[in-house]
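So the structure is just underneath, and the comments pick up after that.
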Amino acid sequence: MSAYRTRVAGTGSYLPPDLITNKDLEKLVDTNDQWIRERTGITHRHKALPDQCTSDLAYEATLRALKDACLTAQDIDCIIVGTVTGDYQTPSTACVLQAKLGLTAIPAVDVNAACSGFIYILSMADAYIRMGMYKNILIVGAETITRFINYKDRETCILFGDGAGAWIVSRTDADAKDVIYSSHLRAEGSLGDLFIRPSGGAKVPLSQKVLDEGTHWFQMKGREIFKNAVRTMSATCYDALEFNKISADKVDWLVPHQANSRIMEAVADHFKFPKEKVISIVHEMGNTSAATVPVAFDFARQDGRIQRGQTILLTAFGAGLTAGSAVLKF
Ligand SMILES: CC(C)(COP(=O)(O)OP(=O)(O)OC[C@H]1O[C@@H](n2cnc3c(N)ncnc32)[C@H](O)[C@@H]1OP(=O)(O)O)[C@@H](O)C(=O)NCCC(=O)NCCS
C-alpha cells in the first residue's frame, strides 16, 4: 500500500489561432462541408502558426496549467509528453519543453502512444507519484499533426488539427478522496498498419523516392479504425468501472478521445451512458491526437461543466493500436 496518491492540481490547454475550415478543405480535396459534419461532427480544426512547433503549443498549455495549480515551473520535478509529432525525432519534445520552461536536471521524456498518449502518460505519472519518486509532474499531450498530414488524402486531412493540453499532477495523502483511482491500458500491435506513417523511420528512411510517393504522410484505414475504436474504448471503460466497482451512473462526465462524434456516440450507446454527459468538442478542434482528452477536459472546466469533486472517466484509442481509460475524482 503506497503512502501517496495522485491528484490533478491544475489543467490548461492551448489551440493555435489559425483555423482550417471545411470550406478550406473543399478547395483541396473532393469533399464537402455537409459530408464532413455528418460523418465526423467536425466544422474546423486549428493549425500551428509557421513558427510554432509542438513544444511551443505544449509550453502555452503548461503555463495555463501551472497558473491553475498555483505553482511555478520550478515546482515541477518531472516532465512527460505524449506526442507522435514532436519537434524532432530526437531530442524529445519533453527535453525541448524543459529548456523552454527554464528548468534543468529534472527528467523529461516523450511517450509514443498516439491518440491514447495522454492516458498512458497519466498512468505513468500516477505510478511515479505513488512510488514516491516525484511530487509535481507535468504531463502534456501535444501535437502539430497537420505537418504530417497529406492534404491530397481526403480521408485523413478532414480529421486532424493541432493543439496541446497539460495537467500538473501532484502528490497527496494516501487517504485523500480527490485522486486518480485507476488507469487501464491496452495495445494490439498486430493492428499497427491501420494508422501508420510507413516511411521516415528506421525501416524505410527518408529518400527522394519516399517524398515522391508520399509514404512519409500518415495513412489510415478509417472504417477499420472506427470499429476498433468503439470496441477498445468501450472495453477499457468496462475495465475501469469493474475495477473501481462503480456503475456508469456514478460517473459525472465521460471525456473520450475526440476523433469523430459518431465514435463517441457509439461508445456512449455501448455503455448506455447519457449522451449529455459526454464531453464533445470535436466540432471545434478535430482530432488533435494525444491532446484531445486534456483539451476537452480543460474546455469543459472553463465552461463550468466539469467541477471539483466530480467523478470523471477518461478514455482514448490510437495508433498502435493503443487504448486506455482512467477514472478520477477531480
Ligand atoms: C474516416 C471516416 C470519417 C470515414 O467515415 P465513414 O462513415 O467510415 O466513411 P466510409 O469510409 O465508409 O466511406 C463512405 C464513402 O465516403 C467517401 N469518403 C471518404 N472520405 C470522404 C470525404 N472526406 N469527403 C467525401 N466523401 C468521402 C468514401 O470514399 C466512401 O465512398 P464510397 O461509398 O463511394 O466508397 C471514419 O471512418 C472515421 O472517423 N474513422 C476513424 C478514423 C480515426 O479516428 N483515426 C484516428 C487515428 S487512430
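The values are calculated or read from the model by the stated rules, or taken from the named source; none is laboratory data. If you're wondering where the values come from, they're calculated on a predicted model, not measured in any experiment. Cβ atoms come from the backbone with ideal geometry, glycine included; neighbour counts cover every protein chain shown. Surface areas here come from the heavy atoms of the whole protein model, side chains and all, with no ligands, DNA or RNA. Shrake-Rupley method; radii C 1.70, N 1.55, O 1.52, S 1.80 Å.
Annotation: peptides 119-128, 235-244, ranked by per-residue average of other Cβ atoms within 10 Å with the highest first, follow the order 119-128, 235-244. For the pair TRP35 and ASP252 in one chain, pulling the backbone fully straight at 0.36 nm per residue adds 74.9 nm over the alpha carbon distance.
Taking only the C-alpha atoms of the range 167-297, Rg followed by Dmax gives 18.2, 59 Å.
So, counting K/R as plus one and D/E as minus one, what does the shell of residues with Cβ under 10 Å around MET285 add up to?
Summing Lys and Arg as +1 and Asp and Glu as -1 gives -1.
Principal semi-axes of the equivalent ellipsoid, √(5λ) from the alpha carbon gyration tensor of the range 1-41, are 42, 15, 8 Å from largest down.
Looking at the P(r) of the range 1-113, how many percent of alpha-carbon pairs lie beyond 22 Å? Roughly 49 percent, once rounded to a whole number. The Cα atoms of the range 93-230 define a convex hull whose projected area, averaged across directions, is 11.1 nm².
Grab the beta carbon distance between ASN150 and GLU276, set R0 = 35 Å, and tell me the FRET efficiency rounded to 0.05. Efficiency at R0 = 35 Å is approximately 0.45.
With all protein chains kept in place, the per residue accessible area of the chain amounts to 42 square angstrom at a probe of 1.4 angstrom. Within the range 203-330, DSSP assigns beta bridges of which about 60% are antiparallel (rounded to the nearest 5). A Stokes-Einstein calculation at 25 °C with viscosity 0.890 mPa s, built on the Kirkwood radius of the range 161-201 over Cα pairs, returns a diffusion coefficient of 162 µm²/s. The order of the peptides 146-157, 8-19 by mean Cβ neighbours within 10 Å, most packed first, is 8-19, 146-157. Only DSSP H runs of four or more residues enter the estimate; each adds -39500 (n - 2.57), and after division by the residues of the chain the mean residue ellipticity at 222 nm equals -9500 deg cm²/dmol.
How many percent of DSSP beta bridges within the chain run antiparallel, rounded to 5? Please report the intermediate quantities before stating the final value.
Details: 39 of 54 bridges.
Taking every DSSP beta bridge with both residues in the chain, the antiparallel ones total about 70 percent.
Take the Cα pairs of the range 49-133, get the Kirkwood Rh, then feed it into Stokes-Einstein at 37 °C and 0.692 mPa s and tell me D in µm²/s. The diffusion coefficient I find is 245 µm²/s.
Counting pairs of alpha carbon atoms under 8 Å apart in space and at least six apart in sequence, what relative contact order in percent does the chain give?
RCO, the chain: 26 percent.
Computed in the context of the full set of protein chains, the accessible area of the range 152-310 at 1.4 Å probe radius has 52% of its extent on carbon or sulfur. Working from Cα pairs under 8 Å separated by at least six residues, relative contact order for the range 213-330 is 32 percent. For the range 1-153, lysine pairs with C-alpha atoms less than 20 angstrom apart, excluding pairs fewer than eight positions apart on the same chain, total 7. Here the range 113-179 was treated as a single set of alpha-carbon atoms; its pair distances binned every 10 Å from 0 give 18, 37, 22, 15, 7, 0 percent. One way to sum up the overall shape of the chain is the equivalent ellipsoid from its Cα gyration tensor, whose semi-axes run 29, 24, 18 Å, largest first. Of the listed residues TRP35, TRP167, TRP253, TRP217, the order by accessible area with a 1.4 Å probe, largest first, is TRP35, TRP217, TRP253, TRP167. Computed from the alpha carbon positions, the gyration tensor of the range 252-306 leads to an equivalent ellipsoid with semi-axes of 17, 14, 8 Å, biggest first.
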